[in-house]
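Below you'll find the structure, written out as C-alpha cells, and then a few comments.
The values are calculated or read from the model by the stated rules, or taken from the named source; none is laboratory data. Keep in mind that this is a model prediction, so the values were computed, not measured. Note that each Cβ is placed from the backbone with ideal geometry, even for glycine, and that neighbours are counted across all protein chains shown. The accessibility values were calculated without ligands, DNA or RNA, using every heavy atom of the protein model including side chains. Shrake-Rupley method; radii C 1.70, N 1.55, O 1.52, S 1.80 Å.
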Amino acid sequence: MKILRINMGATGGPKVSDEPMGQYEGLGGRALTSAIVAKEVPPLCHPLGEDNKLVIAPGLLSGTPAAISGRISVGCKSPLTGGIKEANSGGQPSQVLAMLGYGAVVLEGKPKNDTLYKVFISKDGVKVTPDNSLRLLGNYALVEKMKKEYGEKVSCISIGQAGEMKMSAASIAFTDMELRPTRHAGRGGVGAVMGAKGVKVIVVSEAGTKARTPKNPEKFREANKIFAEGLKKHPVTGEGLPAYGTNVLTNVINEAGAYPTKNFMWGRFDTCQKISGETQAQTETSRGGLATHGCHSGCVIQCSGIFVDKDGHYVTKQPEYETVWALGGNCCIDDLDVIAQLDRLCDDIGLDTIEMGATIGVAMEAGLAKFGDGQASINLLKEVGKGSPIGRILGNGAAITGKVLGVERVPVVKGQALPAYDPRGIQGMGVTYATSTQGADHTAGYAVATNIMKVGGYLDPLKPEGQVELSRNLQIATAAIDATGMCLFIAFAVMDQPETFQALIDLLNAFYGLNLTADDVTALGKQILKTERDFNLRAGLTAKHDRLPDFFKKEALGPHNLTFMVKDEDLDKVFNW
Amino acid sequence: MVPGNNFNLLAAHTLRGERSELFFISFMENDSSPSFKNRFHSFLPVEFNLPPDGIPAFFPLLQKGFVVKARVGVSVQAFLGDQFGLGPEYLRDRVKTIFLDGKSVDDPDKTLILDGSRLALSAALPGLAGAVLRRGSPFAGLRSRVAEGEKERPGAPEEGFVSLKIFNLLLPELGPLFLRKGILIPRQDFQEFWESLPGDIRKRLEQAIRVQGKGLPPDQIRDLIGSSSIAWISLAVHSGS
C-alpha cells in the first residue's frame, strides 16, 4: 500500500506524489487518519488554512473479500469542533481506493486562487484538472456530470455547495453501489476542509482493479466464512437491521423516554410511530422501493434501503435513524415524505443531517419557523444551498445558529450537535458525548463486549464510576473497529458470539500474516484515543470542553423527569487508564 | 353505546400527547371502583376475518399502543406466559428489550405488572443505545432500570387493564396472537389508522369488517368510527387460510 499526496498549494499548480506507507505501515481507517493528522497538522492551525490536511483512508480490510469491510475514514482538524476529526462513511470508494493500492489520499496545502479542481485516480495514475464548470453544483448533478465524463465504472468522493462555501456542517459524499451520492462522512465539517483545498470531486476508477490478496488465502477464506455466518445468524445483524434499518430504534428510544423532541425539550414524540423504521419499511415496500439494501459491495447486513415517493420514483436512500430523528422528531415533523426530501437536500447540498436537524430545531425555538412545519424546514435547507445570509448561518451548525439567534438551549459538545439519544434518558450516553475526542458522537462509544475485548472489568453499574468505566471501554473498542474498515454494526455479532469476534481477528491475521490477539486490538484502540486526545490538548481543548451544555443538568426531561447527573470529576476520569 | 362516567377521561386518552396518557394512567390508579368491568363499556366491537397476508395492515395500531384486559399483580413473565402463551424460550431468545412504564426490564420474572401498567416489547436492537437498553445487557449501567424483586403482589387487583406496544420483529410474531384474542384501541387512533390506509387495503378491509356482528357499507363504517360518542374500539382480527 502507498499514500497519495496532492499538494494543492504547490507552485505551478497541484503536485501529485506517491510514497510508501513508511511510519504509518500497518495502520488503516481511523488509526491512519488520526496518526497523520496528529503528526503532520499543527494543532493550532486554522482548519480552513493551508496547514490543515484532509486524509481519506480506507480501512485495513477494505478492498479485500472480507464481509462488510468497505467503510472509509476522513480525518482533519475540524472546523466545527476545533479538535481532531474522524468521520466515516460507507459507499464504494473505500473498496476501489484500496484495490488501487492506496492506504490513504492526503490533500495538503491550499490553492493560491479560487480555481476548483477535480481529481481522477485510476490504475494508470492520478490527474488533477481545473474545472470551474463544477462550481456550486449539488452532489447529484455533479455525479451525473462525472458519469458522462468518465463512464459508469467509477465512484465519486465529492462536496456540494456547503463544502464549497466552507460551512462547518458540510459533509463529504461517497457514492453508493448505484453511483448516487448518498453516503456521507457527515460530522465535523470535513466537507469544508475539502472545499478549502479547492477539490470538488475525486473520481476513482475501478477499471482493471482486483481484490487485494491475503497472505494466507485459505485461513482468510475460512475466517471470512465464519465471520459472515456470524453476522447472518445474529438477530440484530441478520434480522432486525435488514428488515427495518437503523430506524428500528425510533419506537424503542421513544418508549425509553430518551427521544429528544422539540429541540431536546421532551423525551417522547407522540406520533413517532408515523416515522418509525417499521412504518418506513412498510411504506418503502408498498410503493415499490426497497427496505433491504447494502450501502457498499460486500455488505452482508443490508441495513439500508431505497425510499421512493407515492408514484414509485426514487427520492433518496432509506434515511437512517439519526437522520429521521434530527430532521423529524427533533423538529416535531412526523411525515416520512418530508423527511425523505430533507435527507435528499442534505445529501445534495452536502450537509450533515444530524447537525442540520439540530440546527433547524434551534432555529425553530428561536421562532424562525414553527415546530412541525416541514415546508419551512425544506425552505431553510434551500437557503443553505443558496448561501443566503441566513443559509450561511444555518450551514455553520447549531452552535453558531444558537449564538446568532440568542437561543440558550443549544445541544452541542465541542461545537458539534448531539445525536438522537437524550443523555438524561440514557445517562451513560452523556458520558461518551461529553468526553469523546470527536465532539458529541453516538458512534464514539459503541457496543463491543467489554469482557471479550478485555479492556476492563465491571464496576458497580449503578454508580457514575461504572458508567465512566463502560464509556471508556466502549470508546477504546470503537476506535479499534474504526481502524479496520468494518462497519460498526458488526459489534452485535461480535458482542454476543465469541467465535465471530475471533473470526474478525483471524481475518486480520490471515490477511497481513500477523498473530494479533484481543489485547493487541485493545492496545490499538487505546493508542488511537491517546493520539487524538493529545492533538486536542495541543489544540486547546481541555477538561472544560468535556462537558454537556448546562441545560442538561438543569432542565428535567419527561417522562422520567431526570437531569444529567454524572459529576464533572467523574467525566474527567474517563481517560485515566 | 352510552358513554359512562369514565367517558371524558377515556376520551382524553385519545388526545395526542404524553400528558393525556399520563392522565389516563393516573385515572386508573385513582379509581376506587372495586370492579373494572365497566371501565371500557363505551366501546364499539369491530371484527375482521382475513387471510394471513391481511394481518400486517393492523401493525401500525400495535406500534402505537393498545389495551388488553388481563390478570395483573403478577410478573411480566407470568403475564405474557400464562395469559398470552409466550413460552419462556421465546421470551428469553426473542423478546430482548422490554420496557415497563418506560423503564428497561432486566428480569421479567421478578418485575410486576399492575393495573394501568404500560408494557412495550421489542427484539434486540442495533446501536449503543440498543445494546444498553437490552435485557440483561452488560451495559445496563448506562441507563436506569425498573425496580425488581416481586414475583407477585398479594392483595393487588386480580383483573386490570394493561397498555401494550409491540415493535419490529415481534410484530409479525405476536401481532396475530393479540389481534385474535382481541384488543382495545382508542377510537380516535382507530379512525386515524382507517383514514391513513391506502385505498386498495381499505377496500379489502371494508369487505372483511363486521361491526357488532354485521357488515356495513363504507360510509356507515366511516361515520361510526368517527363518532365522538364512542371512546374505544374493541378490535379482533381472525385469520383464516
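Which of the numbered conditions does A:Thr323 fail, given that it passes all the others? Conditions: (1) more than 24 Å from A:Ala185 (Cβ to Cβ); (2) without any contact (Cβ under 8 Å) to a residue 60 or more places away in the chain.
Of (1) more than 24 Å from A:Ala185 (Cβ to Cβ); (2) without any contact (Cβ under 8 Å) to a residue 60 or more places away in the chain, only one is false for A:Thr323: (1).
Of all residues in region B:129-139 being open to solvent by less than 10 Å² (accessible area, probe 1.4 Å) and touching a residue at least 12 places away in the same chain (Cβ under 8 Å), which is nearest to B:Val67 (Cα to Cα)?
Kept after step one, since they are open to solvent by less than 10 Å² (accessible area, probe 1.4 Å), are these residues of region B:129-139: B:129-133, B:139.
Pick out the ones that are also touching a residue at least 12 places away in the same chain (Cβ under 8 Å) and you get B:130, B:133.
On the way: B:Gly130: 26, B:Leu133: 24 Å.
Among those residues, the one meeting the criterion is B:Leu133.
Got a number for residues in region B:180-191 being surrounded by fewer than 19 Cβ atoms within 10 Å (Cβ to Cβ) and either of a type in the set (S, T, N, Q) or in a helix (DSSP H, G or I) (or both)?
Adding up the residues that qualify gives 2.
Which condition breaks for A:Gln527 when tested against (1) more than 14 Å from every other protein chain (Cβ to nearest Cβ); (2) under 15 Å from A:Val431 (Cβ atoms)?
Result: A:Gln527 fails condition (2) only.
Can you find a residue in region B:113-124 that is touching a Phe, Trp or Tyr at 6+ places or on another chain (Cβ under 6 Å) and facing chain A (nearest Cβ under 10 Å)?
Yes, there is a match, as at least one residue in region B:113-124 is touching a Phe, Trp or Tyr at 6+ places or on another chain (Cβ under 6 Å) and facing chain A (nearest Cβ under 10 Å).
Would you confirm, using the coordinates I've provided, whether A:Ile56 is over 23 Å from A:Ala480 (Cβ atoms), in a strand (DSSP E or B) and modelled with pLDDT of 95 or more?
Spelling it out, it is not the case that A:Ile56 is over 23 Å from A:Ala480 (Cβ atoms), in a strand (DSSP E or B) and modelled with pLDDT of 95 or more.
With respect to A:Val315, is the statement that it is closer than 20 Å to A:Leu342 by Cα and either out of contact with any Pro (no Cβ under 8 Å at 6 or more places or on another chain) or open to solvent by 10 Å² or more (accessible area, probe 1.4 Å) (or both) true?
yes
So in region A:485-500, with the set limited to residues that are part of a helix (DSSP H, G or I) and open to solvent by less than 10 Å² (accessible area, probe 1.4 Å), which one is farthest from the other protein chains (Cβ to nearest Cβ)? Before you say what the answer is, go through the steps one by one.
In the first step, residues of region A:485-500 are kept if they are part of a helix (DSSP H, G or I); the result is A:488-496, A:498-500.
Keeping just the survivors that are open to solvent by less than 10 Å² (accessible area, probe 1.4 Å) gives A:490-494, A:500.
Values: A:Ile490: 11, A:Ala491: 8, A:Phe492: 7, A:Ala493: 11, A:Val494: 11, A:Thr500: 15 Å.
Among residues in region A:485-500 that are part of a helix (DSSP H, G or I) and open to solvent by less than 10 Å² (accessible area, probe 1.4 Å), the one farthest from the other protein chains (Cβ to nearest Cβ) is A:Thr500.
Residues A:Asp506, A:Asp519: which one is surrounded by 15 or more Cβ atoms within 10 Å (Cβ to Cβ), in contact (Cβ under 8 Å) with a residue 24 or more places away in the chain and more than 24 Å from the chain's Cα centre (by Cα)? I'd like the intermediate steps shown before the answer.
Numbers: A:Asp519 fails: surrounded by 15 or more Cβ atoms within 10 Å (Cβ to Cβ).
Residue meeting the stated conditions: A:Asp506.
If a residue has to be assigned to a helix (DSSP H, G or I) and either under 17 Å from A:Ala417 (Cβ atoms) or of a type in the set (Phe, Trp, Tyr) (or both) to count, how many in region A:361-406 make the cut?
Final tally of qualifying residues: 19.
Considering only region A:543-572, state which residues are farther than 16 Å from A:Asn263 by Cβ and open to solvent by 80 Å² or more (accessible area, probe 1.4 Å).
Matches in region A:543-572: A:Lys544, A:Asn561, A:Met565, A:Lys567, A:Glu569.
What residue, among those in region A:260-281 that are out of contact with any Leu (no Cβ under 9 Å at 6 or more places or on another chain), more than 7 Å from chain B (Cβ to nearest Cβ) and not β-branched (Val, Ile, Thr), is most open to solvent (accessible area, probe 1.4 Å)?
A:Lys262
Any chance region A:241-258 includes a residue that's of a type in the set (A, V, I, L, M, F, W, C) and more than 9 Å from every other protein chain (Cβ to nearest Cβ)? Even if it seems obvious, please write down each step before you answer.
Step one: of region A:241-258, the residues of a type in the set (A, V, I, L, M, F, W, C) are A:241, A:243, A:248-249, A:252-253, A:256, A:258.
Subset that is more than 9 Å from every other protein chain (Cβ to nearest Cβ): none.
No: region A:241-258 contains no residue that is of a type in the set (A, V, I, L, M, F, W, C) and more than 9 Å from every other protein chain (Cβ to nearest Cβ).
Just to be sure before I move on: is A:Thr359 more than 13 Å from chain B (Cβ to nearest Cβ), open to solvent by less than 10 Å² (accessible area, probe 1.4 Å) and under 29 Å from B:Ala123 (Cα atoms) in the structure I sent?
Criteria not met by A:Thr359.
Taking the condition of being crowded, with 18+ Cβ neighbours inside 10 Å and within 17 Å of the chain's Cα centre (by Cα), how many residues in region B:84-101 meet it?
Kept after step one, since they are crowded, with 18+ Cβ neighbours inside 10 Å, are these residues of region B:84-101: B:86, B:91, B:94-101.
Restricting the remaining residues to those that are within 17 Å of the chain's Cα centre (by Cα) gives B:86, B:95, B:97-101.
Selection size over region B:84-101: 7.
For region A:212-231, does any single residue satisfy the condition of being more than 9 Å from chain B (Cβ to nearest Cβ), in contact (Cβ under 8 Å) with a residue 40 or more places away in the chain and among the β-branched types (Val, Ile, Thr)?
There is at least one residue in region A:212-231 that is more than 9 Å from chain B (Cβ to nearest Cβ), in contact (Cβ under 8 Å) with a residue 40 or more places away in the chain and among the β-branched types (Val, Ile, Thr).
Working only within region A:73-126, note down all residues that are modelled with pLDDT under 95 and either part of a strand (DSSP E or B) or of a type in the set (A, V, I, L, M) (or both).
Result: A:Asn88, single match.
Out of A:Gly70, A:Gly26, A:Gly63, A:Gly9, I need the residue that is in a loop (DSSP other than H, G, I, E, B), open to solvent by 20 Å² or more (accessible area, probe 1.4 Å) and of a type outside the set (D, E, K, R). Which one?
Details: A:Gly70 fails: open to solvent by 20 Å² or more (accessible area, probe 1.4 Å); A:Gly63 fails: open to solvent by 20 Å² or more (accessible area, probe 1.4 Å); A:Gly9 fails: open to solvent by 20 Å² or more (accessible area, probe 1.4 Å).
Criteria check complete, one pass: A:Gly26.
Being without any contact (Cβ under 8 Å) to a residue 24 or more places away in the chain and open to solvent by 50 Å² or more (accessible area, probe 1.4 Å) is the filter here, so list the residues in region B:216-235 that pass it.
Correct list: B:Pro217, B:Pro218, B:Asp219, B:Gln220, B:Asp223.
Rundown of residues vs (1) hydrophobic (A, V, I, L, M, F, W, C); (2) out of contact with any Lys or Arg (no Cβ under 8 Å at 6 or more places or on another chain), yes/no style:
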| position | (1), (2) |
| --- | --- |
| A:Lys15 | no, yes |
| A:Leu32 | yes, yes |
| A:Pro42 | no, yes |
| A:Glu50 | no, no |
| A:Gly63 | no, no |
| A:Ala87 | yes, no |
| A:Leu97 | yes, yes |
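Of (1) over 13 Å from the mean Cα position of the chain (by Cα); (2) closer than 26 Å to B:Ser234 by Cβ; (3) in contact (Cβ under 8 Å) with a residue 24 or more places away in the chain, B:Ser104 satisfies all except one. Which?
(2)
If you go through region B:56-69, how many residues are over 23 Å from A:Leu249 (Cα atoms) and either within 14 Å of chain A (Cβ to nearest Cβ) or open to solvent by 10 Å² or more (accessible area, probe 1.4 Å) (or both)?
So the count comes out to 1.
Could you please give the count of residues in region A:398-430 that are open to solvent by 10 Å² or more (accessible area, probe 1.4 Å), at pLDDT 95 or above and either within 18 Å of A:Thr261 (Cβ to Cβ) or more than 22 Å from the chain's Cα centre (by Cα) (or both)?
Number of matching residues: 9.
Give me a count of the residues in region A:282-295 that are away from chain B (no Cβ under 13 Å) and β-branched (Val, Ile, Thr).
The total comes to 1.
Give the number of residues within region B:123-174 that are assigned to a loop (DSSP other than H, G, I, E, B), more than 20 Å from A:Ile301 (Cβ to Cβ) and at pLDDT 80 or above.
Total satisfying the criteria: 2.
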